[in-house]
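**Student:** A single structure is presented below for examination.
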Amino acid sequence: MRTYAGTGLHASLRSFPGAVLELAPDATVLDSNGRLERKLEREVVGLSFTRVLDPDSRAKWDRLLALGGEAEAQVWELVLEGREFLATLSFALSRTEEDGRERLWLVEYPRDPRLEQLHEELSATNSELVNTKRELSKEKARLVRALEELERELRENEHLSQQLQQQNEEVEAQNEELMAMTEEMHASQDQLLMLNQQLERRTRELQVALSARNRFYAAMSHELRTPINAVMGYNDLLLTGVYGALGEKQELAVERSQSAARHLRALVDDVLDLSRIEIGRAELETETVDMQRLLEELVSLLRPLADGRGSPLSLVVRDTPCTVVTDARRVRQVVLNLLSNAIKFGKGNPIWVYCGRSRDGGVEVEVVDGGEGISEEDLARIFDEFVQLGADAIGTSSAGGTGLGLPIARRLAEFLGGRLDVSSTPGVGSTFRLSLPQVAPGSA
Amino acid sequence: MRSVTAEEVIRDYLDALLEGNRRRAFAVVDRARGEGLDHRAIYLEVFQPALHEVGRLWQENRISVADEHLATAITQAAMARLYDDLFAHGAGGGPVLVAACVDSERHEVGLRMICDLLELEGWDTYFLGATTPLESLVSMVEARAPQAVALSASITPHLPRVRVTISALRERLGERTPLILAGGRAFLDDPELAARVGADLTARDAMEAADLLRERFPR
């Protein structure tokens, strides 16, 4: 092999299937059998061999040179860079020296090209497999995440559903409560209806009873008046001596009888009056009434009586004119009753009558006495029938009277569309206030 | 936490690779995982230095290219075994990266590592693998509208293809062109090479690439 040095490559090496290169010690390619050029698709002769080596192989080349003779015992793989591709070639290295000129010989160590191809294919397949595995794993991770998301949503849905169910249950509970309350209400309503019916029945019964009572009063009063009138008539006849002169004792007895009969008749008249009002048989005769004139007449009528009791009677009219449309006879009846009471219970103290317009356009009449006054307990019942203060029973009144005066007065006031109230301070006196509307009801 | 050092694992793992024993290699990784090494540590402190060592051994003519390819294949398979775990941990929904080796480039492990490391940090990465045809890469980038594209070339003859790929992307996408990262062994000798082929950024290894992208697109 050494004989061809310096004479160019031996003919047999020119046809060698692998690459054969002759290099100078500085790695300049001096000659080539042309195989490498074909592989790399580039010229190599005249250039440095290291120019076709990849960086790793350049480092390997330096190592190879550094080893000296030791390098010749090994096969060296070098990666050569061609125009478009890399080629890993194995070389055997040998050195020659002739005439003081050192030469390096690289002879390619041929490998089975099928093995090369197989190797290439295997590594490509491996790479593809790894890549597929990578994509699969990524896809799997994505699926897992999607699944987790789905599960989370599912859980959330379940949670929501639970919440909904809970709310539903709450609503149902509320519903039941409401139903119970409704049932209770129905029950109360039924009870109320029943009570109402009972009340109505009672009212009807009461009305029937009242009307029966009033009819009874009216009838009885009328039936009573006739014999009382007869008693009084005969008493008058006796007193006027129609049946002969009466002795002093006889005359006193008849006068007592006459007085009792008069009282009885007044009582019957009052009862009659009351029942008339109650059963609605009384009728109003309304006209424009000058209250000042009406009160002046009453005051002058009763002044002698009041003076007799030592009670000065004074009238104060705050507003003039002071007129209302009402039934004068009934008003007179009420005020007369109030004044009689004031004189009766006034204990000789001054009595005042005030008259003025009320805020609603009507009239207020106040009768103020300085008597004993009425206790709170009694105030509640003085308008009840047959109640006489300071009396134990009917007929034993200390002040005399039927016990129907105030009840009748209040009913008349109400009949006239007004009202009768009382206020009193025990030991100071009482005030009765008659309020009348501007126009009595039922007036034309 | 770790009762085992990365150096011990590398030594065991490298032995398994040089033996060509994938089962043993997987067992070493499983044990390391059991001892508390996380994905990032296994990638950066075991796989990367082990493969560098394989390259060095080839340079010293102590192993052949076939050995080196086998070691790489085993490591890729070892990475694949971690994927279920790795992607399950990634939150997803982060920035998107499309990564590819230009045309006939076969050296894909480095790029795959960048993708996987970014996945760990919540990125959504599409690894198109070795020898991606130019047209399908451009279409993919157009469709996915990623925040970044990573291109890899390991030998100088592939540099022109990187330049062609980048200009095709810029021409097609104009304003919408994402950040372009170029790397690989071919770029290591000249730090300005990446800019000359039209890339925005370059990195010396997977860790630096992941760091740079994390800086640009903080979560």
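**Student:** Using the beta-carbon distance between A:A380 and A:E255 and R0 = 35 Å, what value does 1/(1 + (r/R0)^6) give for FRET efficiency, to the nearest 0.05?
**Tutor:** Working: r = 39 Å, r/R0 = 1.11.
My answer for the efficiency is 0.35.
**Student:** Quick one: which residues, 5 or more positions from A:G371 or on another chain, have an amide H under 5 Å from its amide H? H modelled 1.01 Å from N in the peptide plane, none for Pro or chain starts.
**Tutor:** Sorted by chain and number, the residues that satisfy this are A:S430.
**Student:** A further question follows. Given R₀ = 56 Å, FRET efficiency for A:A66-A:L143 by Cβ-Cβ distance, to 0.05?
**Tutor:** Working: r = 56 Å, r/R0 = 1.00.
Approximately 0.50, to the nearest 0.05.
**Student:** Under DSSP H, which helices of chain A have Cα atoms covering 18 Å or more of the helix axis and a Kyte-Doolittle average no less than 0.0? Provide the component values of the computation, followed by the final result.
**Tutor:** Numbers: long enough: A:113-239 (179 Å, -0.85); A:248-278 (45 Å, -0.51); A:291-309 (26 Å, 0.02); A:328-345 (25 Å, 0.34).
Qualifying helices: A:291-309, A:328-345.
**Student:** First obtain the Kirkwood hydrodynamic radius of chain B from its Cα pairs, then insert it into the Stokes-Einstein equation at 20 °C and 1.002 mPa s, and state the resulting D in µm² per second as a whole number. Please list the in-between numbers first.
**Tutor:** Values: Rh = 17.9 Å.
For the chosen part, D equals 120 µm²/s.
**Student:** In percent, how large is the relative contact order of segment A:2-111, given Cα pairs closer than 8 Å and 6 or more residues apart? Kindly include the intermediate steps, with their values, before the conclusion.
**Tutor:** Working: 187 pairs, mean separation 29.1, N = 110.
Reported relative contact order: 26 percent.
**Student:** Whose amide H sits under 5 Å from the amide H of A:T88, counting only residues 5 or more places off or on another chain, with H placed in the peptide plane?
**Tutor:** Answer set, sorted by chain and number: A:L80.
**Student:** Sum -39500 (n - 2.57) across every DSSP H segment of at least 4 residues in chain B, then divide by the residue count to get the 222 nm mean residue ellipticity, nearest 500.
**Tutor:** -17000 deg cm²/dmol
**Student:** Can you give the relative contact order of chain A as a percent, counting alpha carbon pairs under 8 Å and 6+ residues apart?
**Tutor:** On the way: 575 pairs, mean separation 39.1, N = 444.
Relative CO of chain A lands at 9 percent.
**Student:** For chain A, what size does the Cα cloud have along each of its three principal axes, sorted from largest down, in whole Å?
**Tutor:** Its Cα atoms span 213, 47, 44 Å along the three principal axes.
**Student:** Right, here's the next one. With a Förster radius of 25 Å, plug the Cβ-Cβ distance of A:E176 and A:N196 into 1/(1 + (r/R0)^6) and report the FRET value to the nearest 0.05. Numbers along the way, then the final one.
**Tutor:** Values: r = 29 Å, r/R0 = 1.17.
So the FRET efficiency works out to roughly 0.30.
**Student:** For peptide A:17-30, compute the average count of partner chain beta-carbon atoms within 10 Å of each residue's beta-carbon. Provide the component values of the computation, followed by the final result.
**Tutor:** On the way: counts 0, 0, 0, 0, 0, 0, 0, 0, 0, 0, 0, 0, 0, 0.
Whole-number average of other-chain Cβ neighbours for A:17-30 is 0.
**Student:** May I have the convex hull volume per residue, in Å³, for the Cα set of segment A:283-436? Could you put the intermediate results ahead of the total?
**Tutor:** Details: hull volume 16.8 nm³, N = 154.
Convex hull of Cα atoms, per residue: 109 Å³.
**Student:** Additional query: Which whole-number percent is the relative contact order of segment A:112-282 (Cα, under 8 Å, 6+ apart)?
**Tutor:** Details: 46 pairs, mean separation 37.7, N = 171.
Relative contact order here is 22 percent.
**Student:** Still on this structure, I have one more. Can you sort A:S423, B:S152 by how many other beta carbons sit within 10 Å, fewest first?
**Tutor:** In increasing order of surrounding Cβ atoms, one gets A:S423, B:S152.
**Student:** Report, in order of residue number, the helices in chain B meeting two criteria: a C-alpha extent of 27 Å or more along the helix axis, and a mean Kyte-Doolittle hydropathy of at least 0.0; treat each whole DSSP H run as one helix. Present the calculation step by step, with values, prior to reporting the outcome.
**Tutor:** On the way: long enough: B:65-89 (35 Å, 0.25).
Taking the DSSP H segments of chain B (at least 27 Å long, mean hydropathy at least 0.0), we get B:65-89.
**Student:** Still on this structure, I have one more. Explain nothing, just the number: dipole magnitude of chain B about its Cα centre with +1 on each Lys and Arg Cβ and -1 on each Asp and Glu Cβ, in debye rounded to the nearest 20. Intermediate results must be reported in sequence, preceding the final value.
**Tutor:** Values: 25 positive and 34 negative charges, 62 e Å.
I would put it at about 300 debye.
**Student:** If you build the Cα gyration tensor of segment B:96-216 and take the root of 5 times each eigenvalue, what three semi-axes come out, in whole angstrom, biggest first?
**Tutor:** 18, 17, 14
**Student:** Now, a different point. Can you say what percent of the DSSP beta bridges in the protein assembly as shown, counting only those with both residues inside, are antiparallel? Round to 5. Working shown, then result.
**Tutor:** Numbers: 47 of 71 bridges.
Percentage antiparallel, nearest 5: 65.
**Student:** Just name one of A:G233, B:N61, B:L151: the one whose Cα is farthest towards the positive end of the charge dipole of the protein assembly as shown (beta-carbon charges, Lys/Arg +1, Asp/Glu -1).
**Tutor:** A:G233
**Student:** Now for a different question. Could you tell me which of B:A210, B:G129, B:P160 has its Cα farthest along the dipole of segment B:96-216 towards the positive end, charges placed at Cβ (Lys, Arg +1; Asp, Glu -1), taken about the Cα centre?
**Tutor:** B:P160
**Student:** Further question: In debye, nearest 20: dipole of chain A around its Cα centre with unit charges on the Cβ of K, R (+) and D, E (-)?
**Tutor:** Working: 52 positive and 73 negative charges, 380 e Å.
Roughly 1820 debye, rounded to the nearest 20.
**Student:** Taking beta carbons within 10 Å but only from partner chains, what does the mean come to for residues B:75-88? Mind dumping the intermediate values first?
**Tutor:** Working: counts 1, 8, 4, 1, 3, 9, 3, 1, 9, 7, 2, 4, 11, 5.
If you average over the peptide's residues, the count of other-chain Cβ atoms is 5.
**Student:** Per the Debye formula with a single identical scatterer at each Cα and no solvent contribution, what log10 I(q)/I(0) holds for segment A:112-282 at q = 0.13, 0.14, 0.18, 0.19 Å⁻¹?
**Tutor:** Normalising to I(0) and taking log10 leaves -0.94, -0.98, -1.14, -1.17.
**Student:** So for B:F127, A:F415, fewest C-beta neighbours within 10 Å to most, what's the order? Don't skip to the end; give the middle numbers.
**Tutor:** Details: B:F127 24, A:F415 21.
Placing the least packed residue first, the sequence is A:F415, B:F127.
**Student:** For segment A:282-350, state which GluC sites (Glu not before Pro) are in a DSSP loop and have at most 14 other beta carbons lying within 10 Å of their beta carbon.
**Tutor:** Listed in order of number, the matching sites are A:E283, A:E285.
**Student:** How do A:L47, A:L21 line up, fewest other C-beta atoms within 10 Å first? Don't jump to the answer; show the numbers that get you there.
**Tutor:** Working: A:L47 13, A:L21 22.
In order of increasing Cβ crowding within 10 Å: A:L47, A:L21.
Rule-based calculations on the coordinates, nothing more; no lab input. Given the structure is predicted, the values throughout are model-derived calculations rather than measurements. Quick reminder, even Gly has a Cβ in these numbers, built from the backbone with ideal geometry, and neighbours come from all protein chains shown.
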